[in-house]
1. Return yes or no: is THR58 under 30 Å from SER134 (Cβ atoms), of a type in the set (Ser, Thr, Tyr), in a loop (DSSP other than H, G, I, E, B) and at pLDDT below 85?
2. Could you tell me which of the residues THR207, THR198 is of a type in the set (Ser, Thr, Tyr) and either open to solvent by 60 Å² or more (accessible area, probe 1.4 Å) or free of Cβ contacts under 8 Å to residues at least 12 places away in the same chain (or both)?
3. For the stretch 234-245, which positions are at pLDDT 85 or above and either exposed (fewer than 10 other Cβ atoms within 10 Å of the Cβ) or not aliphatic (A, V, I, L, M) (or both)?
4. Can TYR213 be described as surrounded by 15 or more Cβ atoms within 10 Å (Cβ to Cβ) and under 24 Å from GLY94 (Cβ atoms)?
5. Select from the stretch 63-121 the residues that are open to solvent by 30 Å² or more (accessible area, probe 1.4 Å) and of a type in the set (Lys, Arg) and write down the one among them that is modelled with the highest pLDDT.
6. Could you check the stretch 135-167 and list, in sequence order, the residues that are in a loop (DSSP other than H, G, I, E, B), closer than 20 Å to ARG230 by Cα, aliphatic (A, V, I, L, M) and open to solvent by less than 30 Å² (accessible area, probe 1.4 Å)?
7. Determine, yes or no, whether LEU188 is assigned to a helix (DSSP H, G or I), open to solvent by less than 60 Å² (accessible area, probe 1.4 Å) and aliphatic (A, V, I, L, M).
8. What are the residues in the stretch 136-166 that are touching a Ser or Thr at 6+ places or on another chain (Cβ under 8 Å) and of a type in the set (Gly, Ala, Ser), if any?
Amino acid sequence: MVADGLRALITGGELRVGEHIPTQAQLSERFAVPRGAVRGAVELLEREGLIRRAQQGTPPTVARPATIQAPANNRREVPGARRHSPRPAGIFLGERVAQCFRQEEVTIDAYCLNGETLASALAGPLVTVQAEGSGPRRVAVRILLPDAEAPLALPQVIGDLQNGRPRERLRITSNHIYGSLRHSLRMLKVRDLVPDVTVEARKVSITPTQKVYILNGREVLAGHYQVTERTVDLDRNPIEIYDMLGVEGMLFRHTVVDDDQVTRSYVEQTQQWFDSLWNTIARPMDPN
């Protein structure tokens with residue numbers, strides 16, 4: 001995706017703070033996508049705070065570096081510091097996923113609306129693995145998504161709950177994101193960068209009101225989806241819908257620590273909750 005590519009350029013230092021990003025025409029040609037996809041990616045990075053609008057008629061500029069947390073062994077642990085402040089989802093998840101990729105085994109379980117935030121979070125680590133020529137020994141990703149063919153509460157046309165076009169739009173978007181993500185992860189194995197790679201998505205007939213990410217079974221990042229009213233193009237007609245936005249939302253981090261039974265139990269219960277959905281009512285998802 002264009003947004004992933006731009007993040008990688010910023011993270012890698014090819015685009016520095018204060019510099020203009022390429023024009024829409026240049027990005028469209030570089031990533032072989034239509035101008036509409038480029039505009040959407042630019043708007044997403046603006047919401048994340050990575051880029052900001054410049055003067056009229058010129059491309060946006062890089063607002064800040066896409067930083068990644070230093071390895072845990074380079075950080076000093078403060079005794080008793082067990083609380084984690086909530087942070088923007090698009091930034092926080094990327095940092096934590098990058099940290100996971102420093103370990104020999106990576107497991108990611110995600111319960112979310114369409115997988116966009118997870119795909120963005122994986123973009124940086126995937127670029128790093130390719131640049132370094134090797135990665136973890138094993139990467140396993142499981143994604144639970146809403147079944148857009150079911151009568152979900154959201155997204156919906158305002159005043160017309162029975163209108164299925166917003167759900168069809170969600171289905172197409174989810175299939176595209178998952179298909180692209182699955183391909184990128186599988187290429188790690190094809191290129192002999194990661195020996196063992198598994199990636200699977202299943203769908204459930206539930207409207208997610210929260211996004212939940214379980215990383216290596218030891219930490220949970222969770223946050224609420226905000227229901228908002230917005231205008232989208234459905235069959236080339238602008239229509240007002242109720243939708244959920246998550247990339248610019250906040251995530252709260254919960255980690256397994258030896259002296260915090262409550263937090264440890266929360267992480268364990270969250271993993272059990274995810275597994276219960278995955279192993280019972282969830283159905284395999286085929287992006288094709």
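1. When the stated conditions are applied, THR58 does not pass them.
2. THR198
3. Of everything in the stretch 234-245, those that are at pLDDT 85 or above and either exposed (fewer than 10 other Cβ atoms within 10 Å of the Cβ) or not aliphatic (A, V, I, L, M) (or both) turn out to be PRO238, GLU240, TYR242, ASP243.
4. Answer is yes for this residue.
5. Restricting to residues being open to solvent by 30 Å² or more (accessible area, probe 1.4 Å) and of a type in the set (Lys, Arg), the top hit is ARG102.
6. ALA148, LEU152, LEU154
7. It is true that LEU188 is assigned to a helix (DSSP H, G or I), open to solvent by less than 60 Å² (accessible area, probe 1.4 Å) and aliphatic (A, V, I, L, M).
8. Within the stretch 136-166, ALA140, ALA148, ALA150, ALA153 meet the criteria.
The values are calculated or read from the model by the stated rules, or taken from the named source; none is laboratory data. The structure presented is a predicted model; accordingly, all values stated were derived computationally and were not measured. Note that each Cβ is placed from the backbone with ideal geometry, even for glycine, and that neighbours are counted across all protein chains shown. SASA here: full protein model, heavy atoms, side chains in, ligands and nucleic acids out. Shrake-Rupley method; radii C 1.70, N 1.55, O 1.52, S 1.80 Å.
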